[in-house]
Amino acid sequence: MIQIEDLEFRYPGAEFRLAVPELRISRGEKIALIGASGAGKTTLLKLMAGIAVPQSGNVRVDGVPMRELSDRQRRNFRVSRIGFVFQELELLEYLNVLDNIVHTYRINRVLKLNGRVRERAAELAEAAGLMGKLKRMPRELSQGERQRVAVCRALLPEPGLILADEATGSLDPGNKSRILGLLFRMTERNGATLAAVTHDHELLPRFDRVIDLSAFRR
Amino acid sequence: MQHDFYLAWRYLRHNKIRSLILAACLAMITALPQALHRLLDEAERWMSARAEATPLLVGAQGSAADLVLNALYFTDAPAFISMGEADRIAATGWADPLPVYARFRVRGLPLVGVTTDYFEFRGLAPAEGVLPALLGDCVLGAEAAERLKLAPGDVLPTTPENVFDLAGVHPLKLKVVGILAKSHVPDDRAVFVDLQTAWVIEGLGHGHETGPGAGRADAAFAPLSGDVSAYTEITPDNLASFHFHGDPADFPISAVIAVPRDVRSAALLRGRYPDSEAKTQIVRPLDVTRSLLQNIFRIGALFDAILLPLGAAALLMVALVFALSLRLRQREIETIHLIGCSPLTVVRLMAAEIALIALGAGTLGLVLVQAVRAGAAEFVRHFVIA
């Protein structure tokens, strides 16, 4: 469950200001965030993930007030409870597909990389249609495959909250459907909540709710 | 920690050229001074061993270093003394004289006139054939034989000192009678003849034919004057006709190795050459070599002094390259921050990369030093001394 109350956020030195008086997303809900470019969709996801901290108000994820956590606590909370699929792929070019999927486990001590995690990574890769490509380097993958790797990486810790920032942007319809299908499947399997930013109106009917952020920006 | 090194290794492997260059630079910085000192130590050991094996040396007045280099390493002779000097040393009864005449070169290699005692003194024995016993015979050092591609039974023509001097000494065909076993000393690169053969090469002795038919020039003869032709090859048939003009005691040699019977004899012999105004001098090759080595070590110290700031500059360059690469990797660092990496972990990852590069550099440096160590003797022999 995500609860946002009296949230105000602005980037230092910028005119941009996001104000969300109230927003509640229930557990297991699949929400689409839409809005014009610059409406604050990515910013809202970052606030939910604890990557950005609001100047006032609060974001609670599963009852945990993100603003009141220290940097380290926020980071650890994010790593263990939130899966984030970034707008830009953010794959590491020097790691192969499998290493990219398990990368979070190698850089944060909250997560332990063991045989079970590796098995889960392989299962996720199989579900994402990447099974034969675990040893491939990112440069050897198509755009759709790279995006699927990023999704697998975000889903590997089995997060309760999945945040996807235009995860299907710039993909062909086949890949869009495949990635969204993967996100939905994993969300449903784990009973997780999904908040996805999208510009693709064709996909909106597949979400439980659509939130237009244009209403929140001032 | 294990993950840090794994990720660092993957990154370095992905950028292997850059990583290798960095490691190689660091390896060179650390290994170069050690390699240089290893070479200097080897040069000292090698030169000292040769000098130690040569107790005393008598030669013409002048540079003691030139005298030692000529008698021990067969470099160009600075000046000559007469054979009478060797006789005088023998007459004292304090030392055995071993005359050395290292003046000529044959196909770029030193041609050294010695007596048979020289081979025994230096512990040189033929691996093939025999030692020179007759006029015109020569024995080749192991490397000289390889370089000249000659074997016992072959013929080696001497090189005229001046090809444009038609009245000068004609080349003499030396008969190769033996190849010395490899001894890893300058003797390996020399062609040895009997002293008398060296004097024939110089033109102080010759064999010739007179009368009708003489005066011609062909493969076996060279015209001397009028109806006299000199032999250009010494054979059993013409050996008896070879003779020397003048007193052999006046014939030139470049040095005499004096092998004293004991310490007292050595001191007494040295006492005979006190006058710096005299035409001859006696030196202890070890002292002269040490003095030469002092200069080499001064050069070594100079290298150290130069290498220090150079090394510091190279280290700064490496640091700069690393700092620049960090800037280039800003995006990657932001990425790993976003997916949950703490700033401390980023520092740990970078430290792991530096540690791996340092490990690679250390290994490479060690290999370099070991390679220099293994090849130092050969290197010194070929490039520093030869």
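Just so it is clear, none of the values below were taken in a lab; they were calculated from the coordinates. All values reported here derive from a predicted model rather than from experimental measurement. Ideal geometry is used to build each Cβ from the backbone, glycine not excepted, and the neighbour counts take in all protein chains shown.
Label reach from A:Arg72 (point 7 Å along Cα→C-beta): in region B:1-44, amide nitrogens under 17 Å belong to B:1. Using a simple spin-label model with pseudo-atoms 7 Å out from Cα toward Cβ, B:His382 and B:Asp262 lie 4.7 nm apart.
Cβ-to-Cβ counts within 10 Å put B:Met1, A:Met131, A:Met186 in ascending order as B:Met1, A:Met131, A:Met186, the fewest first.
Across B:Asp76, B:Asp96, B:Asp154, mean-square fluctuation computed from a Gaussian network of chain B (C-alpha pairs under 10 Å connected) peaks at B:Asp154.
Comparing mean-square fluctuations of A:Gln147, A:Gln87, A:Gln55 from a GNM of chain A with C-alpha springs under 10 Å, the top value falls on A:Gln55. Each Cα pair under 8 Å and six or more residues apart adds its separation to the average, and for chain A the resulting relative contact order is 30 percent. Residue by residue along A:104-110, Cβ atoms of other protein chains within 10 Å of the local Cβ number 6 on average.
In the protein assembly as shown, a dipole from Cβ-located charges (positive for Lys and Arg, negative for Asp and Glu) runs towards its positive end, and of B:Val283, B:Phe119, A:Val20 it is A:Val20 whose Cα lies farthest in that direction.
How would you classify chain B from its alpha-carbon gyration tensor, with a ≥ b ≥ c the square roots of the eigenvalues: rounded for a/c under 1.5, else prolate if a/b is greater than b/c, otherwise oblate? Working shown, then result.
On the way: a/c = 3.68, a/b = 2.39, b/c = 1.54.
Because a/c hits 1.5 or more and a/b exceeds b/c, chain B counts as prolate.
Cα-based values for region A:2-215, radius of gyration first and Dmax second, are 16.8, 48 Å.
Peptide B:338-350 has a mean of 5 when you count, residue by residue, the C-beta atoms of other protein chains within 10 Å of its C-beta. Peptide B:301-310 has a mean of 0 when you count, residue by residue, the C-beta atoms of other protein chains within 10 Å of its C-beta. For the pair B:Lys173 and B:Ala151, label points projected 7 Å from Cα toward Cβ lie 1.9 nm apart.
What percent does the relative contact order of region B:49-145 come to when contacts are Cα pairs within less than 8 Å and at least six residues apart? Can you show the working numbers first?
Numbers: 77 pairs, mean separation 15.4, N = 97.
Computed value for region B:49-145: 16 percent relative contact order.
For a quick check: sort B:Cys25, B:Cys341, B:Cys138 by the number of other beta carbons within 10 angstrom, fewest at the front.
Working: B:Cys25 18, B:Cys341 23, B:Cys138 27.
In increasing order of surrounding Cβ atoms, one gets B:Cys25, B:Cys341, B:Cys138.
Each residue of region A:13-18 was assigned a 3J(HN,Hα) from its phi angle through the Karplus curve 6.51 cos²θ - 1.76 cosθ + 1.60 (θ = phi - 60°); the sequence is x, 10, 7, 3, 8, 10 Hz, with glycine and proline shown as x. Here's the list of lysines a cross-link from A:Lys30 could span, going by alpha-carbon distance under 30 Å and ignoring same-chain residues fewer than 8 apart: A:Lys41, A:Lys46, A:Lys112, A:Lys133, A:Lys176.
Considering only DSSP beta bridges with both partners in the protein assembly as shown, what is the antiparallel share in %, to the nearest 5?
On the way: 57 of 83 bridges.
Restricted to the protein assembly as shown, the bridges split so that about 70 percent are antiparallel.
Of B:Thr289, B:Thr335, B:Thr115, the residue with the greatest mean-square motion in the GNM of chain B, using alpha carbon springs below 10 Å, is B:Thr335. Classify region A:125-218 as rounded, prolate or oblate, taking a ≥ b ≥ c as the square roots of the eigenvalues of its Cα gyration tensor: rounded when a/c is under 1.5, otherwise prolate if a/b is larger than b/c and oblate if not. Judged from the Cα gyration tensor, region A:125-218 comes out prolate (a/c at least 1.5, a/b above b/c).
For region A:28-124, relative contact order (Cα pairs under 8 Å, six or more residues apart, normalised by length) works out to 17 percent.
Is region B:92-138 rounded, prolate or oblate when judged by the Cα gyration tensor, a ≥ b ≥ c being the square roots of its eigenvalues, rounded requiring a/c under 1.5 and prolate requiring a/b larger than b/c? Present the calculation step by step, with values, prior to reporting the outcome.
Details: a/c = 2.05, a/b = 1.34, b/c = 1.53.
It is oblate, given that a/c is not under 1.5 and a/b is not larger than b/c.
Counting only Cβ charges, +1 for Lys and Arg and -1 for Asp and Glu, the dipole size of region B:246-346 around its Cα centre is about 220 debye. Taking a span of 15 Å or more along the helix axis (Cα atoms) and a mean Kyte-Doolittle hydropathy of at least 1.0 as the rule, the DSSP H helices of chain B that qualify are B:285-328, B:343-379. From the residues A:Met186, A:Gly132, A:Thr42, which one has its Cα farthest along the dipole of region A:2-215 in the positive direction, the dipole being from +1 and -1 charges on Cβ of Lys/Arg and Asp/Glu about the Cα centre? About the Cα centre, the residue reaching furthest to the positive side is A:Gly132.
About its Cα centre, the protein assembly as shown has a charge dipole of approximately 4420 debye under the convention of +1 per Lys or Arg Cβ and -1 per Asp or Glu Cβ, with nothing else charged.
Grab the Cα-Cα distance for B:Leu328 and B:Thr75, subtract it from 0.36 nm times how many residues apart they are, and report the gain in nm with one decimal. Don't jump to the answer; show the numbers that get you there.
Numbers: separation 253, 0.36 × 253 = 91.08 nm, distance 5.76 nm.
Here the answer is 85.3 nm.
Ranked for footprinting exposure by Cβ neighbours inside 10 Å, fewest first, B:Ser48, A:Ser37 give A:Ser37, B:Ser48.
Simple point charges give the picture: +1 on the Cβ of Lys and Arg, -1 on the Cβ of Asp and Glu, and for region A:2-215 a dipole about the Cα centre of about 820 debye.
Can you quote the Å³ per residue value for the convex hull of the Cα atoms in the protein assembly as shown, rounded to an integer? Could the numbers behind the result be given before it?
Working: hull volume 157.4 nm³, N = 604.
That works out to 261 Å³ per residue.
Legend: calculated FRET efficiency, A:Glu8 to B:Ala305, from the Cβ-Cβ distance at R0 = 45 Å, rounded to 0.05, equals 0.10. Each of B:Leu269, B:Pro236, B:Trp46 was placed along the dipole of chain B (beta-carbon charges, centred on the mean Cα), and the one lying farthest toward the positive end is B:Trp46.
Taking a straight Cα-Cα cut-off under 16 Å and skipping sequence neighbours fewer than 8 places away in the same chain, the lysines within cross-link reach of B:Lys182 are B:Lys149. Extension gain for B:Ile296-B:Ala91 works out to 70.0 nm (0.36 nm per residue, less the C-alpha to C-alpha distance).
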